[in-house]
Amino acid sequence: MLERGQRGGAPVALQEKSSMPLRFENSYARLPERFFAPVAPTRVKAPGWLAVNEGLGEVLGLTPEELRSGELLEALAGNRTLEGAEPIALAYAGHQFGGFSPRLGDGRAILLGEVVGRDGVRRDVQLKGSGPTPFSRGGDGRAALGPVLREFLVSEAMAALGVPTTRSLAAVSTGEPVFRETPLPEYFAGQDDGEAIAALVSYALARHYPERKGQEQAPLALLDAVMEAQVALVARWLGLGFVHGVMNTDNCSISGETLDYGPCAFLDTYDPSRTFSSIDRQGRYAFANQPRILLWNLARLAEALIPLLDGEQKDIVARLEARLERFGPLFERAYGEVLRAKIGLVEERPGDTDLARALLDQMATDRVDHTLAFHRLNRLAAGQPDQLSPLFQDQERILTWIRSWRARFDGEPRAQALAALTRSNPVFLPRNHRIEEVIAAATQGDLSLFARLRSVLARPFEEQPEHAELQDPPGEEQWRYRTFCGT
Ligand code: AMP
Ligand code: MG
């Protein structure tokens, strides 16, 4: 970084290096240079804290004091380089809304490096919104307040819900305005760079799936591993009513974590065709379409692996297709488990998922709130009076469903069944209208709503009667928030 401060031999605006105890141990930056571009974050005028994540800081080895230090603030704002950090923007291609973009890359993200946490997990530490990179394609490289707070809240909620996800260590303001009018709209496979793909496959396997490293066909081992991890992830999303919003291939991670929260939201009313992104006019990334899109994305991954496999092209394709055919049964299995747990069934019996689907079908027909309904099922299962059926219009149908469910549920080992319900059906989720409220207040400089929502969502499975209104679906007056969701 020091070199970057030097122009024409004269050292100007040197960035001070620090002794911050974030211990970087970088591996990605050791890959061939065409995998990334070194880049310096853009300095900002007046950095300030919006939020810090003490829990995550601790995992990364930071004390609360170190996390809140002026030194780290300057570093996260891009005004100073931490010792051991090697800031780079990653190079990649991807499919956006079905069309191939040969040159995407990190246009507003900078990877500082990797830190192995106290839990032994290696994490990328990345700045997002830290200014233009060689991949910004005319974008400003910045992130506006709203999306930053949304990503912070939703990703922390995911972590608390036990769903694999990237997380925010901190959110900082820059003291500078961000202008947003329109959303911004090749890499190795696109360039037939077989050597690069092989290096990447080997890196990804070693880093994320070391237990599969010894397998004979590394590309197929990786495809299997990614498929299984992503299937498990998207099944969890569906169980929670989560709509990612922009499942472009570059937003689906090899590691199987929820990545790049944009116009994402949790369903209020259960509506399988619901979308949240204003640019998704075809409903490509609608709630119920997510498994199909996942398969589509996996097929693009499979295609990228073709140059690495030996044999005739048509045999290779047949082998990859055979692999992808596992998707259907794998997904059915994973989603079936999610559904069974949501209605408190522990032991697998024929007809279980049909029973769960029957409840979902009626929720869709009667336009019932997804989170509220399942939470009320938890209460019913725990022996409380029936508050579930009043949510529905067709009383006979829901009461019949409850009777069938009861007959099946009562045979289950009770403690385990109740535990399954508790961990599957949260009391609190970050509802979209609440996030919009938080953002509106934060824009006026008031972060108290953010703090409250964040603290409630840290314990999503616990009843917190003093915050009960955060459970409520949007009312008439909040209706307008339901279709708006900026990126
Ligand atoms: P995303 O929808 O966040 O996954 O972004 C898709 C692509 O656009 C990625 O290559 C991003 O790095 C890039 N991008 C998104 N927003 C910006 C921005 N404000 N400036 C520059 N590049 C951006
Ligand atoms: Mg992205």
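The values are calculated or read from the model by the stated rules, or taken from the named source; none is laboratory data. The structure displayed is predicted, hence computed values, not measured ones. Cβ: placed from backbone, ideal geometry, glycine included. Neighbour counts: every protein chain shown. In case anyone asks, the SASA skips ligands and DNA or RNA and just uses the protein heavy atoms, side chains included. Shrake-Rupley method; radii C 1.70, N 1.55, O 1.52, S 1.80 Å.
Shown in residue order for the stretch 395-405 are the 3J(HN,Hα) couplings computed by the Karplus curve 6.51 cos²θ - 1.76 cosθ + 1.60 at θ = phi - 60°: 5, 4, 5, 6, 5, 5, 4, 4, 5, 5, 5 Hz (x for Gly and Pro).
Counting only other residues whose beta carbon sits under 10 Å from that of Met227, what net charge do I get with K and R as +1, D and E as -1? Overall, the nearby charge balance is 0. The distance from the alpha carbon centre of the stretch 298-358 to that of the stretch 145-184 is 31 Å, rounded to a whole number. Beta bridges from DSSP with both residues in the chain: antiparallel share about 90 percent, rounded to the nearest 5.
Across the accessible surface of the chain, with the other protein chains kept in place and a 1.4 Å probe, carbon and sulfur atoms take up 51 percent. The order of Glu54, Glu114, Glu156, Glu33 by accessible area, most exposed first and with a 1.4 Å probe, is Glu33, Glu54, Glu156, Glu114.
Between Gly262, Leu60, Leu359, whose Cα lies farthest towards the positive end of the dipole of the chain when Lys and Arg beta carbons carry +1 and Asp and Glu beta carbons carry -1, centred on the Cα centre? Result: Gly262. In summary, the aspartates and glutamates within cross-link reach of Lys213, defined as a Cα separation below 13 angstrom excluding same-chain residues under 8 places away, comprise Asp224.
Counted by Cβ distance under 11 Å from Glu176, the other residues give a net charge of +2, where Lys and Arg count +1 and Asp and Glu count -1. Summed over the residues of the chain and divided among them, the accessible surface reaches 45 Å² per residue at a probe radius of 1.4 Å. All Cα-Cα separations within the stretch 335-424 were binned at 5 Å from zero, giving a P(r) of 3, 15, 28, 29, 18, 6, 0, each value a whole percent of the pairs. Ellipticity at 222 nm from helices only: DSSP H runs of n ≥ 4 in the chain, each -39500 (n - 2.57), divided by the residue count, give -12500 deg cm²/dmol. Here's the picture: charge each Lys and Arg Cβ at +1 and each Asp and Glu Cβ at -1 in the chain, and of Tyr92, Ala302, Phe327 the one pushed furthest to the positive end of that dipole is Tyr92.
Sorting the segments 370-380, 286-296, 448-458 by their residues' average number of neighbouring beta-carbon atoms within 10 angstrom, most packed first, yields 370-380, 286-296, 448-458.
Compactness of the chain is given as radius of gyration and Dmax, 23.6, 82 Å, from Cα positions. Residues whose amide H comes within less than 5 Å of that of Arg326, counting only those at least five positions distant or on another chain, are absent (H built at 1.01 Å from N in the peptide plane).
As a ratio to 2.2 N^0.38 Å, the alpha-carbon radius of gyration for the stretch 269-319 is 1.64.
Counting Lys and Arg as +1 and Asp and Glu as -1, what is the net charge of the other residues whose Cβ lies under 10 Å from the Cβ of Leu22? Within the 10 Å Cβ shell, the charges total -1.
Of interest is the spacing of the C-alpha centroids, which for the stretch 416-432 and the stretch 218-269 amounts to 20 Å. Across the stretch 59-179, the volume of the C-alpha convex hull divided among the residues equals 139 Å³ per residue.
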